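The values are calculated or read from the model by the stated rules, or taken from the named source; none is laboratory data. Because the structure is predicted, anything quoted here is derived from the model rather than measured. Quick reminder, even Gly has a Cβ in these numbers, built from the backbone with ideal geometry, and neighbours come from all protein chains shown.
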Amino acid sequence: MTLPIFLIGARGCGKTTVGHALSQLHVCQFVDTDHWLQEQAQMTVAQLVSKEGWHGFRARETEALEAVTAPARVVATGGGIILSEYNRKFMREQGVVIYLSAPVSVLVERLEAYPKESQRPTLTGKPVREEVGEILAGREALYREAAHHVVNAAQDLDLVIAEIQTALRLARA
Ligand code: ADP
Ligand code: MG
């Protein structure tokens with residue numbers, strides 16, 4: 001697979017986990033836009049947002065997306081990457097976009113089980129379940145619009161990977 005693979009989806013859907021596993025299987029590089037931009041800025045997402053606002057963060061996110069996009073790479077993106085029409089178009093044109101779709105209950109369960117790994121500034125100040133539900137409802141259509149393939153991310157990791165590999169084979173056929 002030479003085209004970059006973009007993994008999109010809500011916080012906790014498994015972008016980092018799946019991206020890492022995929023890159024090992026396909027012997028290609030794994031990059032995470034959130035990690036890239038935090039290293040670049042030498043700040044955490046929370047610090048960036050408090051210093052530059054969400055607008056500043058989103059601009060850095062687009063910069064990160066463009067910088068990390070290269071052949072034979074798996075790119076895990078931030079949950080809000082699809083809010084920008086430019087980002088959606090960029091990913092669709094440059095590679096294969098996979099939406100890791102999972103119901104709110106699964107996302108919340110994972111975020112609560114591993115709060116540290118998924119630490120992000122709250123977007124609404126509301127309790128996790130409510131916030132995740134509201135955000136997903138507002139973004140679901142954009143994830144689907146951006147995606148070439150929608151994969152069930154609520155399954156066990158090996159099944160998620162198998163579904164993606166099938167989708168990638170179809171994309172090549
Ligand atoms: P994202 O990068 O999309 O925010 P992560 O890859 O960090 O999501 O996953 C969030 C948490 O859910 C992690 O602790 C991870 O181990 C767990 N997780 C991810 N995918 C699965 C899966 N298919 N089954 C069970 N747990 C998973
Ligand atoms: Mg992640």
### Summary
Only unsatisfied item for residue 51, checking (1) basic (Lys, Arg); (2) over 9 Å from the mean Cα position of the chain (by Cα); (3) closer than 15 Å to residue 81 by Cβ, is (3)
### Query
Inside region 22-73, can you point out the residues that are touching a residue at least 60 places away in the same chain (Cβ under 8 Å), among the small types (Gly, Ala, Ser) and farther than 20 Å from residue 93 by Cβ?
46, 50
## Note on the structure
By my count, helices (runs of 4 or more DSSP H) wholly in region 1-83 with at least 3 residues that are away from ligand 1 (no atom under 16 Å from the Cβ) and modelled with pLDDT of 95 or more are 45-68
### Task
Report whether or not residue 143 is within 16 Å of ligand 1 (Cβ to nearest atom), assigned to a helix (DSSP H, G or I) and closer than 18 Å to residue 17 by Cβ.
yes
### Task
Name the single residue, out of those in region 6-35 being among the polar types (S, T, N, Q) and surrounded by fewer than 21 Cβ atoms within 10 Å (Cβ to Cβ), that is nearest to ligand 2 (Cβ to nearest atom).
16
### Task
Taking the residues in region 99-116 that are assigned to a loop (DSSP other than H, G, I, E, B) and under 17 Å from residue 157 (Cα atoms) as candidates, determine which candidate is modelled with the lowest pLDDT.
114
### Task
Looking for whichever is in contact with a Pro (Cβ under 7 Å, 6 or more places away or on another chain), closer than 18 Å to residue 144 by Cβ and not aromatic (Phe, Trp, Tyr) here; the options are 95, 80, 9. Which one fits?
95
### Summary
Reported set for region 146-171 where residues are surrounded by 15 or more Cβ atoms within 10 Å (Cβ to Cβ), of a type outside the set (A, V, I, L, M) and touching a residue at least 12 places away in the same chain (Cβ under 8 Å) is 148, 149, 163
### Message
Return the pair list, or none, for Cβ contacts closer than 8 Å from residues in region 8-21 that are on the phi > 0 side of the Ramachandran plot to residues that are assigned to a helix (DSSP H, G or I) and near ligand 1 (Cβ under 6 Å from one of its atoms), at least 6 apart or on different chains.
### Response
9/15; 12/110; 14/110; 14/157; 14/160
